[in-house]
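Novice: Take a look at this one; I'll ask things after.
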Amino acid sequence: MGSRFPSHQLSNGLYVSGRPEQPKEKAPVICSSAMPYTGGDIKKSGELGKMFDLHRKSGPLGNQPSRNTSFGGAANNSGPVSNAVGRSNYSGSISSAVPGTGGSSRTKSNSGPLNKHGEPTKRSSGPQSGGVTPMARQNSGPLPPVLPTTGLITSGPITSGQLNSSGAQRKVSVPLDSSVSMKMRTTSFAHNPAVTNLNVGDGYSIKGSIPTTIIWLVALLFLVGFVAGGFILAAIHNPILLIVVVVIFGFVAALVTWNICWGTKGVIGFISRYPDADLRTAKDGEYVKVTGVVTCGNLPLESSFQRVPRCVYTSTCLYEYRGWDSKAANTTHRRFTWGLRSMERHAVDFYISDFQSGLRALVRTGSGARVTPYVDESVVIDINPDNKDMSPEFLRWLRGRNLSSDDRIMRLKEGYIKEGSTVSVMGVVQRNENVLMIVPPAEPISTGCQWAKCILPASLEGLVLRCEDTSDLDVIPV
């Protein structure tokens, strides 16, 4: 069949015009077999096992054809090969990146230490020849340390900082001057909004127990009585009125002096005699007294001088004795008496477990709440000009607060409420959903007159804390 147009015959015998098509080269088909069932064993999971640094024996899986890459030095591992050499970690070298190098470069060295499975450890001994740099196998990193489930809420990530061999966070100690650390700790407590800083006026005061109007009225009556008694004595020479006024004045002066000396003990006796309430039956807004064991909140305190940890109330007071020619500790310091020179009192919120009901209540003594503490303080150290150099800790404590340590007679007292101590709290019950709290009352509470002890009424403002000296007592572990 002659024609100027080219034609060819198909496989079915039909002639068609045109040149026959050149057969195209088919791309090699890479068959991937399904991963076998591992049964939960990470060692049989291919890439997953490599992520956890678990060695898997090289070689094909069951009934899986082995594949050789175009690089002569590539090892036959189970899994894909990245950039032809990404998974090769043997100590052999690749001679060239050109196909056809054959089996001359397939030799690999398995010499070296064995791993825990008894097999040679795979290593790369330097850069590869032919301009190919082996890529290091990237793992997902070490597993995080398994921490015990305690239920405590802490700040910061669990892996922040350096870790020791057991997986716990390593404490890094930085050398710091003790006086500087004391000053920083005192400043942090004083400027923390969750901490209540108590001033000198907290506690018993004769001026607070007697209204100012009554004091001025009594003073005016005595003044009039003295003037009238003196006038009658001078006019008619009759001293009876003056004697009566002097006797009454002496009785009042003795009563005031008695209350100044024993007023605090009278208030403590009133607190001790006040009956304990049962929190199960206490009504919302009722003024109660609760006695129980103390547990710290989220911000525990530390005592200033003795460094007692996990406290809910701390008090450190420095007193000075003023002689005839010595310096005054404060503006109201009289001679031959002890005067307060420095005081640090802090209180924070805490929990109390009631002895009567076993319930746990939150006591809101922090965040600037009004608190009246009656906590016993013990004498920590007595300093005079002869033994002031025998206590370097006390001198550092003074330097940390910019206090002079010249020739003075000083006494340091410290008191605290530590976690586990037994405390009596007087306040108002407040129930907020499922939270039971004891908050300060809106008005001061009067103790009333104690006629048998000649104690005048005193006002208790805010929350009242009563705790005996726990320095020599064992606290209940919590």
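Novice: Over the Cα atoms of the range 206-265, what Rg and Dmax result, in angstrom?
Specialist: Using the Cα atoms of the range 206-265, the pair Rg, Dmax is 14.3, 47 Å.
Novice: Taking amide H positions as placed 1.01 Å from N in the peptide plane, with prolines and chain starts having none, which residues 5 or more places from T372, or on another chain, fall under 5 Å of its amide H?
Specialist: The list, which skips near neighbours in sequence, is L463, V464, L465.
Novice: Quick check on the range 244-306: take the gyration tensor over C-alpha atoms, sort the square-rooted eigenvalues as a ≥ b ≥ c, and tell me if it's rounded (a/c under 1.5), prolate or oblate.
Specialist: oblate
Novice: How much accessible area per residue does the range 274-467 have, counting only protein heavy atoms and a probe of 1.4 Å, in square angstrom?
Specialist: Per-residue value: 48 Å².
Novice: How large is ³J(HN,Hα), in whole Hz, for each residue of the range 450-462 in order, when computed from phi with the Karplus curve 6.51 cos²θ - 1.76 cosθ + 1.60 and θ = phi - 60°, using x for Gly and Pro?
Specialist: So the J values, rounded to whole Hz, are 9, 5, 5, 9, 6, 9, 6, x, 10, 9, 9, 9, x.
Novice: Arrange the peptides 422-428, 228-234 so that the one whose residues have, on average, the most other Cβ atoms within 10 Å appears first.
Specialist: Ranked from most to least packed, the peptides come out as 422-428, 228-234.
Novice: Can you check what the net charge comes to around T281, using other residues whose Cβ is under 15 Å from the Cβ of T281 (Lys, Arg +1; Asp, Glu -1)?
Specialist: That works out to -1.
Novice: Students sometimes get this wrong: rank F355, F226, F305, F251 by accessible area, probe 1.4 Å, all chains present, largest first.
Specialist: So the residues, ranked largest to smallest area, are F251, F355, F226, F305.
Novice: To continue, here is another question. Leaving ligands, DNA and RNA out of it, rank F249, F270 by accessible area with a 1.4 Å probe, largest first.
Specialist: These residues rank, largest area first, as F249, F270.
Novice: Hey, any idea what Rg/Rh is for the range 274-467, computing Rh the Kirkwood way over Cα pairs?
Specialist: 1.05
Novice: I've got another one for you. Please give the solvent-accessible surface of Y351 in Å², to the nearest 10, using a probe radius of 1.4 Å with every protein chain present.
Specialist: 80 Å²
Novice: Just to confirm a number: summing +1 for Lys and Arg and -1 for Asp and Glu over residues other than I383 whose beta-carbon lies under 15 angstrom from that of I383, what do you get?
Specialist: Every neighbour counted, the sum reads +2.
Novice: Let me ask something additional. Taking K and R as +1 and D and E as -1, what net charge do the other residues with C-beta under 14 Å from the C-beta of N259 add up to?
Specialist: +3
Novice: If the chain between D276 and E433 were fully stretched, how many nm would it gain, using 0.36 nm times the residue separation less the Cα-Cα distance?
Specialist: Stretched fully, the D276-E433 segment lengthens by 54.1 nm.
Novice: Distance between the C-alpha centers of the range 388-427 and the range 192-246? Whole Å please.
Specialist: Each part reduced to its Cα centre gives a spacing of 36 Å.
Novice: Something else: Give K289/K413; K265/K453; K265/K413; K289/K453; K207/K265 a once-over and call out the pairs whose C-alpha atoms are over 21 Å from each other.
Specialist: In this structure, K289/K413; K289/K453 exceed 21 Å between Cα atoms.
Novice: Quick check: at a probe of 1.4 Å, how many percent of the accessible area of the range 274-467 sits on carbon and sulfur atoms?
Specialist: Here it works out to 48 percent.
Novice: Tell me the per residue accessible area of the range 206-265 using a 1.4 Å probe; a whole number in Å² is fine.
Specialist: 74 Å²
Novice: Which loop-located trypsin sites (Lys or Arg not before Pro) does the range 297-369 contain, where loop means any DSSP state but H, G, I, E or B and the Cβ has at most 11 other Cβ atoms within 10 Å?
Specialist: Here the trypsin sites (Lys or Arg not before Pro) that fit, given the DSSP loop and packing criteria, are R307, R334.
The values are calculated or read from the model by the stated rules, or taken from the named source; none is laboratory data. Keep in mind it's a predicted model, so treat the numbers as computed, not measured. Cβ sites come from the backbone with ideal geometry, for glycine too, and all protein chains shown count toward neighbours. All accessible areas refer to the heavy atoms of the entire protein, side chains included, with ligands and DNA or RNA removed. Shrake-Rupley method; radii C 1.70, N 1.55, O 1.52, S 1.80 Å.
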